[in-house]
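The values are calculated or read from the model by the stated rules, or taken from the named source; none is laboratory data. The model shown is predicted, which means the values in this text are computed figures rather than measured ones. We place every Cβ from the backbone using ideal geometry, glycine too, and count neighbours over all the protein chains shown.
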Amino acid sequence: HAKKHGRNMFQLYTTDTEGLAKTDLRMEALLHKALENNEFVLFYQPQYHAESGKIHGIEALIRWNSPELGMVPPSAFIPLAEETGLIVAIGEWVIEEACRQNKAWQDQGFPATPIAVNMSLRQFYQADLLETIKGILKKTGLGPRCLMLEITETIAMQEDIAADILQQIKELGVRIAMDDFGTGYSSLKYLQTFSIDHIKIDKAFTDKLHTKEGRAIIATIISLGHHLDMTVIAEGVETPKQVQELKDLGCDVFQGYYFSRPLAPADLVDQLFG
Ligand code: C2E
Ligand code: MG
Ligand code: MG
Ligand code: MG
């Protein structure tokens with residue numbers, strides 16, 4: 001089954017330029033219907049404390065389970081969703097589904113664990129984002145401290161919108177993480193201005209941990225985060241060697257294939273509580 005989907009995907013992404021435009025249009029048409037057809041799913045990847053090995057949080061990562069295209073990764077449709085504005089509705093679904101699932105786990109007796117949701121810039125241009133989040137927390141019954149929003153430097157850069165709304169979201173008790181730190185238009189100003197709880201070291205840096213320069217950059221991000229009272233999370237941790245080196249550098253939390261891939265809800269429960 002997966003193979004068949006794999007082949008469809010391959011065809012989709014290896015067309016020529018002319019074909020690519022057509023592919024985009026076709027994809028856009030399919031994407032428009034995906035939400036009402038219930039084709040999105042969330043996978044969940046655990047984050048572990050370096051010292052205790054205890055769970056720190058769970059990141060929700062979207063996939064598009066398309067009957068026509070197969071299982072589509074976010075890199076293949078989030079940019080299109082952002083361009084078309086569909087990301088606003090999709091993003092709202094993600095927040096609600098992640099909150100609903102997290103509350104359901106708590107109701108089943110599993111320990112309360114924060115869930116992290118990735119945010120797109122377009123969502124912050126919605127005047128009612130705060131109300132949307134409030135409404136979802138109320139509707140699902142999830143405590144605000146069990147929700148984390150992952151923002152990017154691109155979002156933090158839009159100071160006019162970001163400063164106020166992030167402050168208001170923080171006042172609800174929701175936590176904020178700076179995702180992919182160091183890959184965008186990094187400015188230390190943003191870290192200082194917004195009350196950010198967690199800083200995530202991008203996989204691109206974790207990959208370079210074995211080099212002198214890579215190690216220096218990671219050490220600096222960790223030191224920066226700690227001086228600002230933030231929890232530092234390393235992304236893309238794949239090997240025991242990286243785990244040891246990150247521990248030596250004082251990194252707080254690990255996320256990556258070495259510990260677990262993103263999992264379907266039932267598999268996540270097995271992994272964490274099974
Ligand atoms: P991200 O938020 O930085 O998420 C981390 C990505 O790295 C995920 O890819 C995850 O599966 C992958 N990853 C985690 N550990 C490892 C590892 O050890 N090795 C490798 N090679 N990869 C690892 P994924 O799920 O394909 O998501 C890609 C990006 O798509 C995310 O990057 C995020 O920017 C975006 N995304 C995912 N879900 C959503 C969503 O609901 N809304 C929005 N706006 N963007 C999303
Ligand atoms: Mg993320
Ligand atoms: Mg990231
Ligand atoms: Mg990343």
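What the table below lists for this structure:
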| read-out | value |
| --- | --- |
| Residue identified as touching a Gly at 6+ places or on another chain (Cβ under 6 Å), free of Cβ contacts under 8 Å to residues at least 24 places away in the same chain and more than 16 Å from ligand 2 (Cβ to nearest atom) among Lys138, Lys208, Lys212, Lys189 | Lys208 |
| Looking only at the range 85-113, and only at residues there that are among the hydrophobic types (A, V, I, L, M, F, W, C) and more than 15 Å from the chain's Cα centre (by Cα), the one that is nearest to Val41 (Cα to Cα) | Ala89 |
| Residue in the range 52-68 that is nearest to ligand 1 (Cβ to nearest atom), counting only those that are in contact (Cβ under 8 Å) with a residue 12 or more places away in the chain and either surrounded by fewer than 16 Cβ atoms within 10 Å (Cβ to Cβ) or in a loop (DSSP other than H, G, I, E, B) (or both) | Asn65 |
| Check on Ala81, buried (at least 20 other Cβ atoms within 10 Å of the Cβ) and not in a strand (DSSP E or B) | yes |
| Residue in the range 169-179 that is in contact (Cβ under 8 Å) with a residue 24 or more places away in the chain, in contact with a Leu (Cβ under 6 Å, 6 or more places away or on another chain), within 14 Å of ligand 2 (Cβ to nearest atom) and of a type outside the set (Ser, Thr, Tyr) present | yes |
| Residues satisfying the stated conditions in the range 172-188, i.e. near ligand 4 (Cβ under 10 Å from one of its atoms) and under 25 Å from Leu130 (Cα atoms) | Asp179, Asp180, Phe181 |
| Test set (1) at pLDDT below 95; (2) touching a strand residue (DSSP E or B) at 6+ places or on another chain (Cβ under 7 Å) - Leu121 fails condition number | (2) |
| Residues (part of a helix (DSSP H, G or I) and surrounded by fewer than 17 Cβ atoms within 10 Å (Cβ to Cβ)) located in the range 101-120 | Ala104, Gln106, Asp107 |
| Residue that is farthest from Leu149 (Cα to Cα), among those in the range 64-118 that are hydroxyl-bearing (Ser, Thr, Tyr) and out of contact with any strand residue (DSSP E or B) (no Cβ under 9 Å at 6 or more places or on another chain) | Thr84 |
| Condition broken by Gln244, with the remaining ones in (1) surrounded by fewer than 18 Cβ atoms within 10 Å (Cβ to Cβ); (2) in contact (Cβ under 8 Å) with a residue 24 or more places away in the chain; (3) away from ligand 3 (no atom under 16 Å from the Cβ) satisfied | (2) |
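Table: residues versus (1) closer than 21 Å to Glu150 by Cα; (2) under 22 Å from the mean Cα position of the chain (by Cα); (3) not basic (Lys, Arg).
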residue: His210; (1), (2), (3): no, no, yes
residue: Glu213; (1), (2), (3): no, no, yes
residue: Leu224; (1), (2), (3): yes, yes, yes
residue: Thr231; (1), (2), (3): yes, yes, yes
residue: Glu235; (1), (2), (3): yes, yes, yes
residue: Thr239; (1), (2), (3): no, yes, yes
residue: Val243; (1), (2), (3): no, yes, yes
residue: Asp252; (1), (2), (3): yes, yes, yes
